[in-house]
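One structure is given below, encoded as structure tokens.
The values are calculated or read from the model by the stated rules, or taken from the named source; none is laboratory data. All values reported here derive from a predicted model rather than from experimental measurement. FYI the Cβ positions are ideal-geometry reconstructions off the backbone, even for glycines, and counts take in every protein chain you see. Surface areas here come from the heavy atoms of the whole protein model, side chains and all, with no ligands, DNA or RNA. Shrake-Rupley method; radii C 1.70, N 1.55, O 1.52, S 1.80 Å.
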Amino acid sequence: MSSGVATSFVSTLIRGTSGIQVTPGAEKPAELLQLYDIENCPYCRLVREALTELDLDVLILPCPKNGERFRPELVELGGKAQFPYLIDPNTGAEMYESLDIIDYLFATYGNGDLPLKWKLGRLQTAGSMLASAPRMKQGMQANPGKEPEQLLELYSFESSPYARIVREKLCEMEIPYIVRNCGRTKLKEWLLPPVRNALNIIPESHLVNRRHLMHREGRVSIPFLYDPGQDVGMFESGDILAHLNRYYSD
Ligand SMILES: N[C@@H](CCC(=O)N[C@@H](CS)C(=O)NCC(=O)O)C(=O)O
């Protein structure tokens with residue numbers, strides 16, 4: 001395991017089951033939510049965890065330090081460079097403040113009550129700060145790449161250590177992308193894909209994105225990147241990073 005993946009695993013362990021386990025709400029937004037985001041920002045992580053837990057897809061607009069693609073846009077929209085910032089085109093809601101965004105998401109797209117862990121918002125913030133430490137400046141500083149003509153789609157769940165490495169790269173390159181959330185609802189999904197394959201276990205998820213991946217690719221492994229501009233899809237964080245470098249580095 002490379003040291004990059006190892007520290008990403010540490011961040012995952014620190015967050016326990018946050019950003020993995022899903023309880024989808026009854027209501028799904030018709031139009032994609034949008035999030036101005038910095039990958040290793042502890043506040044943004046909390047929002048992305050809630051999005052995974054509610055099984056909500058989102059358009060990520062990466063705003064690394066010194067970024068010039070989406071940061072100025074947000075200052076114009078909201079008045080300041082502070083992240084996260086959510087836009088919900090379905091309701092017209094727009095807001096800063098991670099805990100307010102999470103309250104909003106659960107109130108609008110959840111099953112009623114805010115789960116207890118999110119009622120302890122400040123505790124979650126402290127835990128998320130700890131989880132940011134192992135990744136230090138990864139996914140924080142801009143190193144812009146070319147913007148794809150069509151939006152990339154990343155099948156991901158927030159706490160996946162391999163998906164995190166891909167998201168960090170996309171953030172540094174200021175490449176916007178759609179997160180197709182693929183959290184877990186079944187115990188079998190906790191087995192790593194090679195173990196699952198060896199034991200011939202196929203966990204059949206009812207989540208749309210997992211089902212779509214299974215149908216399209218014959219297996220579910222996270223991350224999976226679909227690049228509609230090149231009409232290719234690929235598993236494996238290393239292959240995805242190589243693809244991004246090949247087609248989109250400046
Ligand atoms: N209370 C805010 C704090 C947000 C915050 O401080 N975010 C930092 C990034 S971790 C930020 O926007 N920094 C300004 C910048 O990156 O330019 C929240 O929970 O959303």
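So, in the chain, how many Lys pairs have Cα atoms under 18 Å apart, if the pair is 8 or more places apart or on different chains?
Lysine pairs meeting both conditions in the chain amount to 6.
So what are the ³J(HN,Hα) numbers for segment 239-247, from phi and the Karplus equation (6.51, -1.76, 1.60; θ = phi - 60°), rounded to whole Hz, Gly and Pro as x?
Here the 3J(HN,Hα) series is 5, 5, 4, 5, 5, 5, 5, 5, 9 Hz.
For the chain, what proportion of DSSP beta bridges, expressed in % and rounded to the nearest 5, is antiparallel?
Looking only at bridges with both residues in the chain, the antiparallel portion is about 60 percent.
What's the center-to-center distance, using Cα atoms, between segment 1-80 and segment 161-186 in Å?
8 Å
Using just the helices of the chain, give the 222 nm mean residue ellipticity in deg cm²/dmol: DSSP H runs with n ≥ 4 each add -39,500 (n - 2.57), and the total is spread over all residues, rounded to 500.
-11500 deg cm²/dmol
Between the DSSP loop rule and a limit of at most 13 other Cβ atoms within 10 Å, which GluC sites (Glu not before Pro) in segment 1-70 are left?
Here the GluC sites (Glu not before Pro) that fit, given the DSSP loop and packing criteria, are E27, E31, E68.
Give me the percent of the accessible area of segment 101-177 that comes from carbon and sulfur atoms, probe 1.4 Å, all protein chains in place.
57 percent
What Cys residues in the chain have no fellow cysteine's beta-carbon under 4.7 angstrom?
Within the chain, the cysteines lacking a partner Cβ under 4.7 Å are C63, C171, C182.
Under 25 °C and 0.890 mPa s, how fast does the chain diffuse according to Stokes-Einstein, given a Kirkwood radius computed over C-alpha pairs? Answer in µm²/s, whole number.
In µm²/s, the coefficient is 135.
For segment 14-27, what does the Karplus curve 6.51 cos²θ - 1.76 cosθ + 1.60, with θ = phi - 60°, yield as ³J(HN,Hα) per residue in whole Hz, taken in order and with x for Gly and Pro?
Along segment 14-27, the couplings run 4, 8, x, 8, 5, x, 10, 7, 10, 10, x, x, 6, 9 Hz.
Collect residues whose amide H, placed 1.01 Å from N in the peptide plane, falls under 5 Å from the amide H of M173; neighbours closer than 5 in sequence don't count.
Answer set, sorted by chain and number: N143.
Of all trypsin sites (Lys or Arg not before Pro) in segment 47-123, which ones are in loop regions per DSSP and have a Cβ with at most 12 other Cβ atoms within 10 Å?
K80
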